[in-house]
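**Student:** Dropping a structure here in structure tokens format, bear with me for questions.
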Amino acid sequence: MSQTAVANTHRATLGSLTVLPLLHPQGCRGYLVADPASRQALAIDIHLDLVEDAAAAVQQNGWKLPYVVDTHTHADHPSGSAALAARMSSTRIAHQKANHRGVSRHPADGDVLHLGDQVVTVRHAPGHTPDHLVLLIDGAVFAGDTLLIGGMARTDFLGGDAGQLFDSLQRVLGSLPDTTVLYPGHDYQGRVRSTLGQERQQNPWLLLGDRATFVRQLRANPPPRPANMDDLLRLNREGQDIPNSISAAEAMRLVAAGGQGSVIDVRTGAEFDGEHIAGSRLLPLDQLAQSADQVRATPAPRLLLCRTGSRATMARDTLQRLHIGGLTVIEGGIEAYKAAGGQVERGQGVISLERQVRIAAGLIVLAGVLLANVVHPGFVWLSGFVGAGLVFAGITDWCGMGLLIARAPWNRRSNRASSGIASACAASAPSACAASAPAPAACAASGCAAPVPTTDAAPACALPKRPQSS
Ligand SMILES: [Fe+2]
């Protein structure tokens, strides 16, 4: 298991079912739900980065995985459903309206799935998207993006509808008891679960009073559209893999559309200081293995950038070995990006790594020749070794000397790598699926004197408390 998926830490038992949450640093939440008696399990909303983790958990527990479910079309992250289902020979499940290639089962509202003797009820809950499903098992709801902990999903793209979301909250969740455990499709603050009772008490969106206020607030101030959404939709709907590489011109288009937070610059800190794409994230090639979770936290498709493209290609190979997907190399690197007209921010940097390699190789060759003449003829092999290394680097595009020099102290310095850049990305990720918080004016508009609900206020909320008798 990667350090990302802390499933076992949050393993829970619901009735006779086992729940393993899979947490992604981008805030996405996926789940494995298993019936230990029959050893049958289903997977819900598994992120592409966590396919290996999910498969490993299934195999380690001795489960079978007959079902892989997408609660809806994800626009903010790559779904791992197709990859997981192919690996585990599972049936993919999504709503008919999702129209996902490779999905063979489209449950209608109220259909049930069986895990041994256990029943999972599938409800159609349009709102966040028209194809949204919610899964109910005894004592818990896997709500996808229908209800988030302390928040509400946005409805401003992919055919979302705030009024439908209000109606779905009432129709699908309204009759469930307060004790029902809520497992959401996202949480951006590290929380794993809540209960419907807690949400009815504390979630500002459930305290808005009436449908009209809810709709007006949810439509106001929509967060920025997720960067690179088109590529994600091609993957999640049509099964088209995210391209291994894109041209510098295409990268410019994505950055102009707000995708700068997805650019991972794998050059050295000094090169980054010299010039970089504003809003990009510095994760030097030699530190990638330790920075895997920072890569995962970067919205996919992640655009890998170096000077000319070769280090970015090596970075992609390294990250793929760590089971991180959604990686695209910017062809020709920042040199091609600039040549295509892309804007970069400039600061103080050292001379380029390539020039440092040339200088170092030249100095060693020179030293070999001098020492061979002055000290011992055998020193000529020093020059020969460097010559052979340069030929090898030219043929394979792998330069050991460059990688070595990149670790030098003068190449590591960067004033802005870990603070400013990281926060630029963190600011974009949380808004991907959640709506902005409702404005304080909402309470006044709904006539609420205080935001905390009372029993009397409950019937007016979007998610009314279940009557005691039912
Ligand atoms: Fe979503």
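The values are calculated or read from the model by the stated rules, or taken from the named source; none is laboratory data. Just so you know, these numbers come straight off a predicted model, no measurement behind them. Cβ: placed from backbone, ideal geometry, glycine included. Neighbour counts: every protein chain shown.
**Student:** Determine, yes or no, whether residue 260 is assigned by TED's automatic domain parsing to the domain that holds residue 319 and not in a loop (DSSP other than H, G, I, E, B).
**Tutor:** When the stated conditions are applied, residue 260 passes them.
**Student:** State whether one or more residues within the stretch 249-257 are closer than 26 Å to residue 123 by Cβ, assigned to a helix (DSSP H, G or I) and aliphatic (A, V, I, L, M). Please lay out each step first, then the result.
**Tutor:** Filtering the stretch 249-257 for residues closer than 26 Å to residue 123 by Cβ gives none.
The answer is no; no qualifying residue exists.
**Student:** List pairs: first residue in the stretch 74-86 and in the same structural domain as residue 23 (by TED's automatic domain parsing), second residue of a type in the set (Lys, Arg) anywhere in the structure, Cβ distance under 8 angstrom, at least six positions apart or on different chains.
**Tutor:** 81/92; 82/92; 85/92
**Student:** Could we say that residue 281 is buried (at least 24 other Cβ atoms within 10 Å of the Cβ) and not assigned by TED's automatic domain parsing to the domain that holds residue 53 here?
**Tutor:** Yes.
**Student:** For residue 44, are the conditions met, namely being within 22 Å of residue 28 (Cα to Cα), in contact with a Phe, Trp or Tyr (Cβ under 6 Å, 6 or more places away or on another chain) and within 15 Å of the ligand (Cβ to nearest atom)?
**Tutor:** Yes; evaluated as a whole, the condition is true for this residue.
**Student:** Report, by residue number, each residue of the stretch 82-104 that is modelled with pLDDT under 95 and either polar (S, T, N, Q) or within 26 Å of residue 14 (Cα to Cα) (or both).
**Tutor:** Residues satisfying the conditions are 96, 99, 104.
**Student:** Also, quick follow-up: Considering the stretch 58-81 alone, what residues qualify as being aliphatic (A, V, I, L, M) and modelled with pLDDT under 95? Before you say what the answer is, go through the steps one by one.
**Tutor:** Just the residues of the stretch 58-81 that are aliphatic (A, V, I, L, M), to begin with: 58, 65, 68-69, 75.
Correct list: 75 only.
**Student:** Filter the stretch 73-100 for residues that are in a strand (DSSP E or B) and not β-branched (Val, Ile, Thr); which is nearest to the ligand (Cβ to nearest atom)?
**Tutor:** It comes out as 79.
**Student:** Let me ask something additional. Taking the stretch 209-232 on its own, how many of its residues are hydrophobic (A, V, I, L, M, F, W, C), surrounded by 16 or more Cβ atoms within 10 Å (Cβ to Cβ) and at pLDDT 90 or above?
**Tutor:** 3
**Student:** Also, I was wondering about something else. Give the residues of the stretch 122-136 that are more than 16 Å from the ligand (Cβ to nearest atom) and more than 22 Å from residue 206 (Cβ to Cβ), sorted by residue number.
**Tutor:** Of the residues in the stretch 122-136, the ones more than 16 Å from the ligand (Cβ to nearest atom) are 122-123, 136.
Within the stretch 122-136, just 122 meets the criteria.
**Student:** Which pairs have Cβ atoms under 9 Å, sit 6 or more apart or on different chains, and link a residue in the stretch 32-45 that is surrounded by 21 or more Cβ atoms within 10 Å (Cβ to Cβ) to one that is of a type in the set (A, V, I, L, M, F, W, C) and in a loop (DSSP other than H, G, I, E, B)?
**Tutor:** Filtered contacts from the stretch 32-45: 32/46; 32/63; 34/63; 35/63; 41/63.
**Student:** For the stretch 173-196, give me each residue that is within 16 Å of residue 44 (Cα to Cα), outside any loop (DSSP other than H, G, I, E, B) and more than 16 Å from the ligand (Cβ to nearest atom).
**Tutor:** Scanning the stretch 173-196 gives a single hit, 181.
**Student:** Also, I was wondering about something else. Restricting the search to the stretch 69-107, which residues are in contact with a Gly (Cβ under 7 Å, 6 or more places away or on another chain) and crowded, with 20+ Cβ neighbours inside 10 Å?
**Tutor:** So the first thing to find is which residues in the stretch 69-107 are in contact with a Gly (Cβ under 7 Å, 6 or more places away or on another chain), and the list is 71-72, 78, 82, 92, 101-102.
Listed by number, the residues that qualify are 71, 72, 78, 82, 92.
**Student:** For the structure I just gave you, tell me whether residue 116 is within 14 Å of the ligand (Cβ to nearest atom) and at pLDDT below 95. Before the answer, list the steps.
**Tutor:** Working: within 14 Å of the ligand (Cβ to nearest atom): no; at pLDDT below 95: yes.
Criteria not met by residue 116.
**Student:** Does residue 62 satisfy being more than 16 Å from the ligand (Cβ to nearest atom) and either basic (Lys, Arg) or over 22 Å from residue 177 (Cα atoms) (or both)? If you could, list the steps in order and put the result at the bottom.
**Tutor:** On the way: more than 16 Å from the ligand (Cβ to nearest atom): yes; either basic (Lys, Arg) or over 22 Å from residue 177 (Cα atoms) (or both): yes.
Judged against the criteria, residue 62 is a match.
**Student:** Still on this structure: Taking the stretch 106-136 as the region of interest, how many residues are in contact with a Pro (Cβ under 6 Å, 6 or more places away or on another chain) and part of a strand (DSSP E or B)?
**Tutor:** Of all residues in the stretch 106-136, those in contact with a Pro (Cβ under 6 Å, 6 or more places away or on another chain) come to 122, 132.
Then keep just the ones that are part of a strand (DSSP E or B); that gives 122.
Final tally of qualifying residues: 1.
**Student:** Give the number of residues within the stretch 323-352 that are over 15 Å from the mean Cα position of the chain (by Cα) and within 27 Å of residue 189 (Cα to Cα).
**Tutor:** Residues that pass the stated criteria total 0.
**Student:** Of (1) under 30 Å from residue 250 (Cβ atoms); (2) surrounded by fewer than 16 Cβ atoms within 10 Å (Cβ to Cβ), residue 388 satisfies all except one. Which?
**Tutor:** (1)
**Student:** I've got another one for you. Among residues belonging to the stretch 149-197 that are surrounded by fewer than 24 Cβ atoms within 10 Å (Cβ to Cβ) and charged (D, E, K, R), point out the one that is nearest to residue 139 (Cα to Cα).
**Tutor:** 178
**Student:** Here is a follow-up. Kindly evaluate residue 103 against the criterion of being away from the ligand (no atom under 16 Å from the Cβ), assigned to a loop (DSSP other than H, G, I, E, B), aliphatic (A, V, I, L, M) and closer than 20 Å to residue 30 by Cα.
**Tutor:** Considered against the rule, which asks whether it is away from the ligand (no atom under 16 Å from the Cβ), assigned to a loop (DSSP other than H, G, I, E, B), aliphatic (A, V, I, L, M) and closer than 20 Å to residue 30 by Cα, residue 103 comes out as yes.
**Student:** Still on this structure, please answer the following. So if I check each of 218, 158, which one is within 16 Å of the ligand (Cβ to nearest atom), within 30 Å of residue 121 (Cα to Cα) and part of a loop (DSSP other than H, G, I, E, B)?
**Tutor:** 158
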